[in-house]
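Worksheet: the structure to be examined is printed underneath.
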Amino acid sequence: MAFLHTESHSEISDMTSDNDTSLMPWILLSDQSQPGIILTVFGACLFGAVVRTLLQTLKLPYTVLLALCGMLLGTLSFQYPEVSYYTKEIAHISPKLLIHTFMPVLIFSSAFEIESHIFWKSLIQVLLLAIPGFLLSSSMIALLVVKVYAYNWDWYVGMMFGAIVSTIDPFISTALLRSLGTAKPLILLIEGESLFSDGASIITFDAFKDLATDLSHFEATTFTIKLILKVFGSPLLGFIMSKIIMFWLSYIFNDGLIEITISLAMTYITFYFAEWLGMSGVIAVLIMGLLLDTVNFSPEIEVFLLRFWEMLTYLANTLIFFIVGIVVARAFQHVGVNDFFNIVVLYFAMYIIRLVTVIALSPFLVRTGYGFSWRWAAVCVWGGTKGAFCLSLTLMAFQSDDLDEEQVREKILVLSSGMVVLTLLINASSMTWFLRLLGLYDVSVPRRMAMYSAVQRVRESSQNTFSLLKIDRFLADANWEMAEQRVLIEDPYKTPNEKVSIEEFSPTARMTKCPDCDRDIPYAPSPQELEDMMEEARMRILKAQKTSYWKQYSAGMLNREAARTLINTAENMTDHKGKFMSVQDVKKYWELKGFFVSLRRSLEDWLYNVKLDKLKPSRNAMLKRCYQVVFSLPFEYFIYALIVLNIFPIILEFIPAISDKHNLELSIINYIFFSGYLVEAILKALAMRKAYIFNHWNQFDLFIIVLACVDIFLDHYLETTAYVVNIHMIKIVKVSKMIRLTRALRLVKIIIPKLIEIINRQIHKQLSFGYDIGKGYVIGEEHISKIIDHISDDKSISKKLKIILERNCQQAVREIGLLQRDHPEIAISVKTRQAIRAVLNSERDAIHTLVSGGLLDDIEASKLEKMIEIKMKKLIKFPPTIPAATAEELLQNLPWLNKDSTQIQFIKTVAKLLFFDFGDTIIQENDDPQGIHLIVSGLVKMTGGSPNLGGKRPKEKTRLTDYRSCGAIMGELNCLTQQSMEMTVTCETATQTCFIAIESLFEAFDVFPEFPSLEYMIWRSLAVKISTSTFMEHIIYQGWSYHRICSHLARAYLVDVEVNRKFDVYDGTMEDVVVIYGSCDDLASQCSYNAPALISRTTHQVLGTANTTKLLIVPSEHSEMKQTVSELPRQDSVPCLRHAAHRRASRDDRSGLLRTVSVMSKEGSPKRSCSSLDKAT
C-alpha cells in the first residue's frame, strides 16, 4: 500500500530498545525496515478468506467477525509494541484517504447492481429518507448531546456529531435480504438511503465543522455556491461522465482488459474530479453507476466484469471492517464508565429517533414509489447499522486541530466508535432473527411451487443421466445406490422441522376430500391463489424475456441500444400488476414521426414542389431555347459560380480601408452581378412561364432581386445626396451592405439535397433500430411460448399465458412485416447483419472446439479469433440499408437446393412469378396441395390448424394465426406428404410469390435422385425446422440459444422407420433422436412418441407405429455421420417405372423461359398475368 507510510529504522530501534532480549526475532524483523503495513493488509485479506471458508459453521456475519478481529489486534497493539509496529499506520490512517480509497468502489458497485427502473420509481422515497429524514435525525441527536450530555457542546458541534452518527451502512441487512429474495424495492430503498445520506452527511458535516471552528469567516454566498455545486453539480457531472464512458465503450469491442480498466479508472477519476471541483464525489459516482449497466459493455465480458467488481467489493469490505476494528480499539483505550453509559444511552436514543423519523415520513412514503409497510419500516430502522463512512467522518473530526481535543474530539471518537461497535454486535448479528420474526423469511406459495417444479425437473434430468451412465462400459459396476443418494437435491425452501410436505404445493399433487363420498379429488385453487400464481408466472415471464434479450445481445443478434431498450421495457412492466409486455410498448420505436420526419417533409416540399417532368417546353423557338438553357447543368453551375464569386466583393465592402479606396470599382462589380441575377430570372420566367411564380426557389430569387434593387437605390441615393453624412446615413450604409449578404443564401439550394440525405440516413438508422427491436421482441415471445409449461404447472394459467403470448407475437410479426413491406432495404440490412454475426459466432465456437481438443495451438487460435473480432467490430458500422433480394437470388439461397447450380437452374426453369392483390387467397384450407410458394415481397396471413405430422394418435389440433413475409416458404410438407392444406393464406398487402408446381417438384425428384437427393434435402430442411422448435421446448436445452441449437443439428441425418419395424437408438453413436414425422413406441417402457417429440435418452429401441416414421438423428461428436447409401436408410429412393411414368404423364408440356400463367379468381376470370422466373428476373 503506497499510500500508507512506514516507520523509519530509527523509530523502530527506539521502539524496541527497552524490550527484553527475548524479542530478538521481532527486532531482527524490524531492523530490516520491512513495511509491516503490507503484511497487515494482506494478512487481513487472508483472514477474510479463512472467515468465509468457516462462515457456514459460524453464526456471526462476515463483517462483524472481521471487525472483532481488528479490535483484538488493536487491543494487542497497546500491550505489545511489536504488534503496534503493524497497526500504528492503520490506527492513524487519514480519513480522507480512507474515503477516497474505498468509497468509490463500494458506491459504484452498489449503484451498478441496482435496477434503474426500480430506483427511478423509488427516488422520491429514497430522497425523503436521505434528506429530510437525515436532517431530522441529525437535529434530534444534536438536541440530545447538547442539552442532555454534560459536554458543553454548542449547536454547531452537536449538528456536526449528528451528521456523523446519522449515516447508515446497511451492508449486512441488504445482503441478507438479497439472499432471501425479498422485495427488490425494499433492498433498493435501504441502499439508496445509505448512498444519498452519505452525500448529505458529508455536506452537513463540512458546513457545521466550518461553523464550529471558524464562524467569523462564514460567508453566505460561498456556502450557497458550495451547496449548489454539491446538490446540482454532482448529478450533472455523474451524467456527463457516464455519457463519456458509453461513447468510449461503443468504439471498443470484446476487449475485457480495456473495458474493465475504463470502468475502474473512471470511477476514481469521477470521484476525485468531483471532490476537486467542490462537488460530492459520492453523488457523482452514484449517478454514473446508475446510468451504466452491463449492456454498455461487450457481452463476452459480462461474467468477467461482474466478478471483478464483486472481488473489489469483497476486498474493500474486508479491509474496511478490519481497519474499523483497529481504529475502534484505539478509541476505547481511555474509555471511562460514564462514556460507556453515554454510549448505551445514545444507542437506544438513536434508534428511537430513527423510528420517530420513519413514522413521521410514513404518510409520504406509503403514497410514493412501491408503497411502504410496517415490516419495511421495521427493517429500515433495525437495519441502520454504522460502518466505515461513519468512522471516516469521525476521524476527520478527531484530526481537526481547531476543535477542543479533550471535550470534543475525543468524545466524538468514543461515542461514534461505540455506535459502530454496538450496531455491528447487536443489529448486524441479530438481523437474521429479526427478519424471521417479521415473517420476511416466509416463502410464498407460488415461489414454493416454482421451486418444487424446478427440483422435480432436476431430479428427472439426473435420472436420465444415470440411465446413460449405467450402460457405460467403464462405469457399469459403480455403486449406483450410493451415487443416487449423494446427488439427491433437496428443496431449499423445505426446512428440517417442516411438517407440511412440499408436494402439497404442487398443482398436480394437491388433493382434497369430496364432501359427499370422501374420495380424493384434485384440489381446485381459490381465486386468490390463482391470482397470486398468475402474478408470479407473469414476473417469471418478464424475467425470461429479459434473459432472452440478453442472450440475443450476447450472440450479436441485437445491437446494444435495442437490447437495452427491450430490457428496460420489460423491467418497467414489472411495476404494473397484471400487465404483460405488448407490441404497443415497442411499436413506437419504428413509427415514423418526430423532428427529422417533419424536417425532411418540409425540405422535400420546398425543393421538389414543382415537378419538372410535367413542365413541357413551349413550342415557340425562342422560349424553347430558353427552356433548354435554363434546365441545363452548365447554366446551373454558372449561376452557383456567380454566387460564390459575388461573396468576395461583398466581404471587401466590410473592410473600411478597401471600401473607401475602391468604392467605385465595388459599385460597378455590384451592378454586374445584379445584372447576372436579373438575366437569370428573366430566362427562367420565359422558360417556365406561369409555373415560374409557383416555385419556392424562384420566389426566393425574386426576393433577392428586390433586395438588390433596394441596395442599389440606397447606394445611388447616398452618392447623389448633397446633405452632410450623419450618423443615420452611416447606419443606412451598413444596412445596405448587410442586404447584399442575402445573395449568399441562394447557396442553400446546394446544401438542401445533402441535408435531406443526412436526414434520410438518420431515419434509416431509426427504422433499423426499430426493426431490430421488433425482431428481438418476436424471438423473445416465441422462446417463452416454448417454455410456458415449465413456468406454470397449473393448466388453466398456462392456457391463459399461451393465448396472451400468441396474440402478442402475432401482432408483432404483422407490424414488422408491414415495416418490411414499406422499407425492405432496412429489414434486409438487419437480417444480413444478424446472419453475418451468427456465422462469425459459429466460426469462433469452432476455434474454441479445436483448442479444447488440442488440435489448435493457443497462439494460432488467438490470431484466428482476432480476425473474427475485427469482422465483428465492423458490423457496428454496418450500412442501415441494403437493396432487397430478387426472386432469383431468393431461389439460389433456398436451404434444400444447397447452391447446386444444376438444381437451381432446373427450378428456375419451372418456377413462375405470381402476383396477388390485397385480400387475395393464395392457399385455401382443405384444398389439395398445388405446389410450393416462396414469398418474394409482401405480407400474408396464415390461419388454420396445426400441421399434421402423421402420428398414429394425432395431437389435438389448435387454431393458429400467423404472418409470413419475404423469404418464407409455404406448402413444403403438404407437397411431400400429399395431404390437404391445413392453412388458409391470404394477402395482407400486395404480394409476389415464386411458385413451384407440385408436378414440377415431383419431376425434380426424378431428375435428381442421387443421394442426397432433392426430396431428402427438403425433408431434412423441414426436420431441422421442426426439431429446433422441439429442442427449445425441452427443459434440458433452455440455456441454449437458437443458433447453438441450429449448429447442434447441422450434422443430423434422417432415417425412415417402417410400421412394425424396430430401430435401435442411443447406441453410443447418437446424441439426440427426434421424431419429426409419424410415431413410434419405446419397447421397454411402452411410452409413445408422436411427432414432434424428443426421444428420451433412456430409450434404446423403438417400434414404428405409423405408416411412415421419420427420425432425425444427431450423431455424437466422435461418431462419423453416415454419408453413403449403404450406410443410411434411404427414404428417397428412385420411384419404380410405373410411378415414374405416372408422374411424367401428369406433367404439363413446358414452353421454356417464356411461359406465362394466370392467377384465377374464384369466379374463374384471370386476375394478373405473370411470367416464368427467368423472364421476370
If the only charges are +1 at each Lys and Arg Cβ and -1 at each Asp and Glu Cβ, what is the size of the charge dipole of region 747-857 around the Cα centre, to the nearest 20 debye? 500
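Using the structure shown, select from 795/1025; 588/765; 243/543 the pairs with a Cα to Cα distance greater than 22 angstrom.
Violating the 22 Å limit, Cα to Cα: 795/1025; 243/543.
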For residue 589 the rounded accessible area (nearest 10 Å², probe 1.4 Å, non-protein molecules ignored) is 60
So how far, in whole Å, is the C-alpha centre of region 377-428 from the one of region 979-999? 78
Roughly speaking, what is the centre-to-centre gap between region 104-120 and region 1045-1059 when only Cα atoms are used, to the nearest Å? 48
Could you compute how much accessible surface residue 308 exposes when probed at 1.4 Å, giving the result in Å² to the nearest 10? 40
Which three extents, in angstrom, do the Cα atoms of region 815-933 have along their principal axes, listed largest first? 59, 33, 27
Heavy-atom accessible area ranking, 1.4 Å probe, most first, across 466, 364, 208: 364, 208, 466
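I need the calculated FRET efficiency for the pair residue 306 and residue 175, taking r as the beta carbon distance and R₀ as 22 Å, to the nearest 0.05.
That pair, residue 306 with residue 175, gives E of 0.85.
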Amide H neighbours of residue 1087 at under 5 Å, excluding residues fewer than 5 places away on the same chain, with H built from the backbone geometry, are 1082
Can you put 65, 437 in order of accessible area, largest first, using a 1.4 Å probe? 437, 65
Given Cβ charges of +1 for Lys and Arg and -1 for Asp and Glu, the option among 332, 373, 416 whose Cα lies farthest towards the positive end of the dipole of region 302-459 is 373
Just report the Cα centroid separation between region 891-934 and region 288-321, whole Å. 53
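Heavy atoms only, probe 1.4 angstrom, no DNA, RNA or ligands counted: give me 1035, 791, 225, 301 ranked by accessible area, highest first.
These residues rank, largest area first, as 225, 1035, 791, 301.
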Residue 678 accessible area, 1.4 Å probe, all protein chains in place, Å² to nearest 10: 70
Ranked highest first by the average count of other Cβ atoms within 10 Å around their residues, in what order do 1003-1011, 1015-1023, 782-790 fall? 1015-1023, 782-790, 1003-1011
Compute the Cα gyration tensor for region 95-203, then decide on rounded, prolate or oblate, letting a ≥ b ≥ c be the square roots of its eigenvalues: rounded whenever a/c is under 1.5, prolate when a/b is larger than b/c in the other cases, and oblate in all that remain. prolate
Residue 1071's amide H: which non-local residues (gap 5+, or another chain) put their own amide H closer than 5 Å, with H modeled 1.01 Å from N in plane and none for Pro or chain starts? 1114, 1116
Which percent of Cα pairs goes in each bin when the distances of region 919-998 are cut into 10 angstrom slices starting at zero? 20, 52, 25, 4, 0
For region 74-149, what is one quarter of the convex hull surface built on the Cα atoms, given in nm²? 8.6
Where only alpha carbons of region 220-340 are counted, the Rg and the Dmax (Å): 19.2, 63
By per-residue mean of other Cβ atoms within 10 Å, what is the highest-first order of 978-990, 335-347, 122-134? 122-134, 978-990, 335-347
Net charge (Lys, Arg +1; Asp, Glu -1) of residues whose beta-carbon lies under 13 Å from that of residue 928, residue 928 excluded, is -4
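The values are calculated or read from the model by the stated rules, or taken from the named source; none is laboratory data. Treat the numbers as computed from the prediction; the structure is a model and nothing was measured. Heads up, the Cβs are rebuilt from the backbone with ideal geometry, glycines too, and the neighbour counts pull from every protein chain shown. These accessible areas exclude ligands, DNA and RNA; they are computed on the full protein's heavy atoms, side chains included. Shrake-Rupley method; radii C 1.70, N 1.55, O 1.52, S 1.80 Å.
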